[in-house]
Amino acid sequence: MTFPDHVSCYHKLGSEPKENADSFTLDVLILSERHQRPAARCEEDIVVYDYRKGTKTPLPPFVMNAFKQTWELQQAARKRNSKRLKELLGRMKALERDTWDRSDAVEDLGSASA
């Protein structure tokens, strides 16, 4: 990447949230807008810290509930998109089989005399 460029950062929970957890991880994808491709993949390890007590502290219940809901939505999206990908790959394989795997299929390499 070089200046000027803009980036978009996308985060997702890296693992299922655990009860009384005092930390969580996020998987991060940073995309270059100019090149329309990934510029970096990162992992953020976030620890919840209570500065008044001077110790790590568990995530508040409302945050834990939001993370659990987000995790469930991520898993549903993963399942749905995996199914769609499998269907697309099957259609692509059928197309290749119907065109290239025929006994009379011949690859046209062009002509040097044209």
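No lab work stands behind these numbers, since they all come straight from the coordinates. Everything numeric here is computed off the predicted structure, so don't read it as measured data. Note that we place each Cβ from the backbone using ideal geometry, even for glycine, and neighbour counts take in every protein chain shown.
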Query raised in the report: So if R0 is 25 Å, what FRET efficiency would LEU88 and SER111 give, r being the distance between their Cβ atoms, rounded to the nearest 0.05?
Result: 0.15
Query raised in the report: By the gyration tensor of its Cα atoms, with a ≥ b ≥ c the square roots of the eigenvalues, what is the shape of the chain: rounded for a/c under 1.5, prolate for a/b over b/c, or oblate?
Result: oblate
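What is the chain's relative contact order, in percent, from Cα pairs under 8 angstrom and six or more apart in sequence? Can you show the working numbers first?
Working: 118 pairs, mean separation 21.9, N = 114.
RCO, the chain: 19 percent.
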Report task. Answer rounded, prolate or oblate for the stretch 50-95, using the Cα gyration tensor with square roots of eigenvalues a ≥ b ≥ c: rounded when a/c is under 1.5, else prolate when a/b is larger than b/c, else oblate. Result -> prolate
Report summary line: the chain, Gaussian network, Cα under 10 Å: of GLU72, GLU16, GLU96, the residue fluctuating most is GLU96
**Report entry** Zone residues, the stretch 1-29, relative to LYS53, backbone N less than 11 Å from point 7 Å out along Cα-to-Cβ
**Finding:** 22
Query raised in the report: For the stretch 22-114, which chymotrypsin sites (Phe, Trp or Tyr not before Pro) are in a loop by DSSP, counting at most 11 other Cβ atoms within 10 Å?
Result: TYR51, TRP100
